[in-house]
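Right, I'll just put the structure down here and ask away after.
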Amino acid sequence: MRKLLIVFMLALPMPSFGQFLDEENRTSSDQLAYPKPVQLQVGIVIHATASPLKGVQGSTPIPIEWPEQQVKVIGEKSSPHVRRISYEMVGDTVKRMVVHIPFVRPGDTAEALVTFECTRYHIMEPSGTEKLTIPKRKQIPPAFRKYLGPSPYIETKHSKIRKLAKSIVQDKEGAWNQVEAMYDWVRNNITYKNGPIKGAYEALKDGEGDCEEMSSLFIALCRVNGIPARTVWIPGHCYPEFYLMDESGEGKWFPCQVAGTRAFGSMPEYRPILQKGDNFKMPEKKGRQRYVSEQLKVADIPGGNEPKIEFVREILAD
């Protein structure tokens, strides 16, 4: 008997499949413009080679609704091997589909694919930014307070990050100007370079990093200065968003593009949002995770010939 557990780390992420329009996840309606539908197919394809597969369970994140994204299912396809597809939340910002397959014969291919239509809006830069303030901790919704502390690869407790964060904003008036100063510091001092994942401190020390490291460093600087910030994951990219309070006491999230064309407080992006956040607890893994990854578990593989596995996440039309 042989068991197989596969974890794919590059992953991420509808009325009947989880609207997530929590009133605390606000983006002002006058900031949303130019809606565009994009089709995204998500799923799992498993090919049994020379051995049968028993007790297969796989999971993959699916897109959910945000103020800047509407989601609906427009197609479903599954082979007869699939007993059922269920859906579950991981934390409060990620949903995943779970595929249950009792048995796959040698040479058979089992699949479960769902196609979503994600209508994504551009987020426009807000007006009246001089009235925005940094919320006090008690004003921050409990679900957002985790975005004030450390996350995997976001080392808010490192002394050099803390010292830098305080020095950048020490002569800046106004919350918006303080956040923009941290944003500009990262863009001006960290050179974009693709490579293996590393933390915010390593990016600071090396003076280089890709979209993940640049976003992580910006997020760490914000958090040190009491500003909630988190990662937004889209296919092939990520960017940060930060949380400030308006004059009526309403908190709002604002995005920015740290790696790429300058966009502060705005986001001209149509790729679907896969997930938000960077500090997750997954039942299959120990410790906190940077994002919710695709997973596959096979209870028994008589003969020991491992299957071929494909996690599908493909933009079909935009």
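Could you tell me which residue of segment 59-92 is nearest to Thr119 (Cα to Cα), considering only residues that are small (Gly, Ala, Ser) and exposed (fewer than 15 other Cβ atoms within 10 Å of the Cβ)?
Residues of segment 59-92 small (Gly, Ala, Ser): 59, 75, 78-79, 86, 91.
Next cut, exposed (fewer than 15 other Cβ atoms within 10 Å of the Cβ) only: 75, 86.
Numbers: Gly75: 15, Ser86: 23 Å.
Ranking the qualifying residues of segment 59-92, first place goes to Gly75.
Kindly indicate whether any position in segment 162-179 is outside the structural domain of Lys54 (by TED's automatic domain parsing), of a type outside the set (Phe, Trp, Tyr), surrounded by 15 or more Cβ atoms within 10 Å (Cβ to Cβ) and closer than 30 Å to Thr60 by Cα.
no
Continuing with this model, one more query. Give the residues of segment 261-293 that are among the hydrophobic types (A, V, I, L, M, F, W, C) and closer than 28 Å to Gly58 by Cα, sorted by residue number. Give the derivation first.
Residues of segment 261-293 among the hydrophobic types (A, V, I, L, M, F, W, C): 263-264, 267, 273-274, 280, 282, 292.
Answer for segment 261-293, where residues must be among the hydrophobic types (A, V, I, L, M, F, W, C) and closer than 28 Å to Gly58 by Cα: Ile273, Leu274, Phe280, Met282, Val292.
Test Phe116 against the stated conditions and say whether it is farther than 23 Å from Arg290 by Cβ and not in a loop (DSSP other than H, G, I, E, B).
Numbers: farther than 23 Å from Arg290 by Cβ: yes; not in a loop (DSSP other than H, G, I, E, B): yes.
Here the answer is yes, as Phe116 does meet what is asked.
Which of the residues belonging to segment 29-59 are touching a Ser or Thr at 6+ places or on another chain (Cβ under 9 Å), at pLDDT 95 or above and either under 17 Å from Ile273 (Cβ atoms) or outside any strand (DSSP E or B) (or both)?
Pro35, Lys36, Pro37, Val38, Gln39, Leu40, Gln41, Val42, Ala48
Looking only at segment 104-141, which residues are out of contact with any strand residue (DSSP E or B) (no Cβ under 7 Å at 6 or more places or on another chain) and more than 30 Å from Leu204 (Cβ to Cβ)?
Listed by number, the residues that qualify are Arg105, Pro106, Gly107, Asp108, Ser127, Gly128, Lys131, Lys138.
Mind checking whether some residue in segment 258-271 is assigned to a strand (DSSP E or B) and either in contact with a Lys or Arg (Cβ under 6 Å, 6 or more places away or on another chain) or of a type in the set (Asp, Glu) (or both)? So that I can check it myself, show each step before the final result.
Filtering segment 258-271 down to residues assigned to a strand (DSSP E or B) leaves 263-264, 267.
Still in the list and also either in contact with a Lys or Arg (Cβ under 6 Å, 6 or more places away or on another chain) or of a type in the set (Asp, Glu) (or both): none.
Looking through segment 258-271, none of the residues is assigned to a strand (DSSP E or B) and either in contact with a Lys or Arg (Cβ under 6 Å, 6 or more places away or on another chain) or of a type in the set (Asp, Glu) (or both).
Now for a different question. Could you say which residue among Lys285, Lys252, Lys297 is outside any loop (DSSP other than H, G, I, E, B) and surrounded by fewer than 19 Cβ atoms within 10 Å (Cβ to Cβ)? Quick ask: steps written out before the conclusion?
Working: Lys285 fails: outside any loop (DSSP other than H, G, I, E, B); Lys252 fails: surrounded by fewer than 19 Cβ atoms within 10 Å (Cβ to Cβ).
Only one candidate qualifies: Lys297.
Within segment 166-192, work out how many residues are part of a helix (DSSP H, G or I), of a type in the set (A, V, I, L, M) and within 19 Å of Tyr239 (Cβ to Cβ).
Residues flagged as part of a helix (DSSP H, G or I), of a type in the set (A, V, I, L, M) and within 19 Å of Tyr239 (Cβ to Cβ) within segment 166-192 amount to 4.
Can you confirm whether Pro106 is outside the structural domain of Leu204 (by TED's automatic domain parsing), modelled with pLDDT of 95 or more, surrounded by fewer than 16 Cβ atoms within 10 Å (Cβ to Cβ) and within 30 Å of Lys281 (Cβ to Cβ)? Write out each step before concluding.
Details: outside the structural domain of Leu204 (by TED's automatic domain parsing): yes; modelled with pLDDT of 95 or more: yes; surrounded by fewer than 16 Cβ atoms within 10 Å (Cβ to Cβ): yes; within 30 Å of Lys281 (Cβ to Cβ): no.
So Pro106 fails the test.
The values are calculated or read from the model by the stated rules, or taken from the named source; none is laboratory data. Quick caveat: nothing in here was measured; it's all calculated off a predicted structure. Quick reminder, even Gly has a Cβ in these numbers, built from the backbone with ideal geometry, and neighbours come from all protein chains shown.
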